[in-house]
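Here the structure is laid out as structure tokens; the discussion comes afterwards.
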Amino acid sequence: MKFSLESAKRLLPVRKKKENKTHGGRTLIIAGQKGFFGAAILAATASARVGSGYTTLMTTLDHFPTHKHPDFLTIPLSQTISANFDAIAIGPGLGINSKTEKLLRSLIRQNFENVVIDADAITILSQFKIVSLPKSWILTPHAGELARLLGVSSKLIEKNRMKYALMAQKKFGCHILLKGHKTIILNSDVCIEITSGNSGLAKSGTGDVLTGMIAGFLSQNLNTIQAASLASYIHGSCSKKWVKQKRDSLSLLASDLLNLIPEVIFDLRNKKSQPV
């Protein structure tokens, strides 16, 4: 089933006049390490951009430029993960190491409701002997990461993306979002296809933005399918808007998406026509 403009407009969160930041929920982004803070910043900023009332970045604080990023809170990786968060994303720039493994195992053990697993956390997961994950969680691999999860080649996956996305869902029992041309989002009951993107998204960092967007929408009481579909639709629409504004797709940066999110959401909320 293709995700439509009407579906996106219907799912877009609304903040009423008398509501405050607590109504936007609390999002935790577990990401980044020295040399890889860009991924963490992209994900955390994206969460705030789509409306999360509180976004907290858990990262390596020894070298993080906290004073340059006042839009989200920061806490150290050593801190205990609180149950007060409405949504959690883990993985961007976190590193393939024992610390990431420990954090991921902690999330699984505590059985949080809304968790997005991406990037380095996916690679760590591929090394686990885990039969299943909580049904409400979502894995967001590209073809290479899905190949590691399933033990097959990425070329094989690209030949039949739907087949292997379904295989991953059956293996892990959670939601799957397979990035790429015509993004696939599915669980055991529903399959959504997102067609709003373009080749400009084939660049480092764009997936980190998507991860933050999904987590941000999850914190606003959308379920996993809704949050992933809306985030992917807006994410793709940003790339198309970039080109519509007479800028070549090759020049699109992940950070440009952060600046386009407000425009696309405004168009989506206020116009009857497609926002791009």
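What number of residues within the stretch 91-127 satisfy the criterion of being aliphatic (A, V, I, L, M) and assigned to a helix (DSSP H, G or I)?
Residues in the stretch 91-127 being aliphatic (A, V, I, L, M) and assigned to a helix (DSSP H, G or I): 9 in total.
Can residue 41 be described as in contact (Cβ under 8 Å) with a residue 60 or more places away in the chain, crowded, with 21+ Cβ neighbours inside 10 Å, within 27 Å of residue 126 (Cβ to Cβ) and touching a helix residue (DSSP H, G or I) at 6+ places or on another chain (Cβ under 9 Å)?
Considered against the rule, which asks whether it is in contact (Cβ under 8 Å) with a residue 60 or more places away in the chain, crowded, with 21+ Cβ neighbours inside 10 Å, within 27 Å of residue 126 (Cβ to Cβ) and touching a helix residue (DSSP H, G or I) at 6+ places or on another chain (Cβ under 9 Å), residue 41 comes out as no.
Has the stretch 259-266 got any residue that is under 15 Å from the mean Cα position of the chain (by Cα), under 29 Å from residue 167 (Cβ atoms) and assigned to a helix (DSSP H, G or I)?
Step one: of the stretch 259-266, the residues under 15 Å from the mean Cα position of the chain (by Cα) are 261.
Applying the additional criterion that residues be under 29 Å from residue 167 (Cβ atoms) yields none.
No, there is no match, as no residue in the stretch 259-266 is under 15 Å from the mean Cα position of the chain (by Cα), under 29 Å from residue 167 (Cβ atoms) and assigned to a helix (DSSP H, G or I).
Looking at the stretch 103-161 only, could you name the residues that are over 18 Å from the mean Cα position of the chain (by Cα), over 16 Å from residue 92 (Cα atoms) and polar (S, T, N, Q)?
Those that are over 18 Å from the mean Cα position of the chain (by Cα), over 16 Å from residue 92 (Cα atoms) and polar (S, T, N, Q): 106, 110, 111, 127, 132, 153, 154, 160.
Being exposed (fewer than 12 other Cβ atoms within 10 Å of the Cβ) and among the charged types (D, E, K, R) is the filter here; which residues of the stretch 44-70 pass it?
Of everything in the stretch 44-70, those that are exposed (fewer than 12 other Cβ atoms within 10 Å of the Cβ) and among the charged types (D, E, K, R) turn out to be 62, 68.
Name the helices (runs of 4 or more DSSP H) wholly inside the stretch 129-179 in which the number of residues that are under 28 Å from residue 216 (Cα atoms) and in contact (Cβ under 8 Å) with a residue 24 or more places away in the chain is 2 or more.
Here the list reads 143-150, 161-172.
Of everything in the stretch 1-32, what is touching a residue at least 60 places away in the same chain (Cβ under 8 Å) and assigned to a loop (DSSP other than H, G, I, E, B)? Give them in sequence order.
1, 3, 12, 13, 25, 31, 32
Among the candidates 73, 42, 28, 61, which residue alone is within 16 Å of the chain's Cα centre (by Cα) and farther than 26 Å from residue 197 by Cβ?
28
Name the residue that is surrounded by the most Cβ atoms within 10 Å (Cβ to Cβ), counting only residues in the stretch 189-232 that are of a type in the set (Val, Ile, Thr) and not in a helix (DSSP H, G or I). Before the answer, list the steps.
Pass one, the stretch 189-232, residues of a type in the set (Val, Ile, Thr): 190, 192, 194-195, 206, 209, 211, 214, 224-225.
Adding the requirement that they be not in a helix (DSSP H, G or I) leaves 190, 192, 194-195.
Values: 190: 11, 192: 20, 194: 23, 195: 14.
For the stretch 189-232, the residue satisfying everything is 194.
Mind checking whether some residue in the stretch 175-188 is under 18 Å from the mean Cα position of the chain (by Cα), crowded, with 19+ Cβ neighbours inside 10 Å and among the polar types (S, T, N, Q)?
Keep residues of the stretch 175-188 that are under 18 Å from the mean Cα position of the chain (by Cα), which gives 175-187.
From the residues that got through so far, the ones that are crowded, with 19+ Cβ neighbours inside 10 Å too are 175-179, 183-187.
Going one step further and asking which of them are among the polar types (S, T, N, Q), we end up with 183, 187.
Taking every residue of the stretch 175-188 in turn, at least one turns out to be under 18 Å from the mean Cα position of the chain (by Cα), crowded, with 19+ Cβ neighbours inside 10 Å and among the polar types (S, T, N, Q).
Among the listed residues 187, 160, 114, 198, which satisfies the condition of being closer than 22 Å to residue 52 by Cβ, modelled with pLDDT of 95 or more and among the polar types (S, T, N, Q)?
Details: 187 fails: closer than 22 Å to residue 52 by Cβ; 160 fails: closer than 22 Å to residue 52 by Cβ; 198 fails: closer than 22 Å to residue 52 by Cβ.
Sole residue among the options that is closer than 22 Å to residue 52 by Cβ, modelled with pLDDT of 95 or more and among the polar types (S, T, N, Q): 114.
The values are calculated or read from the model by the stated rules, or taken from the named source; none is laboratory data. None of the values given here were measured: they were computed from a predicted structure. Here the Cβ is made from the backbone with ideal geometry for all residues, glycine too, and neighbour counts use every protein chain on show.
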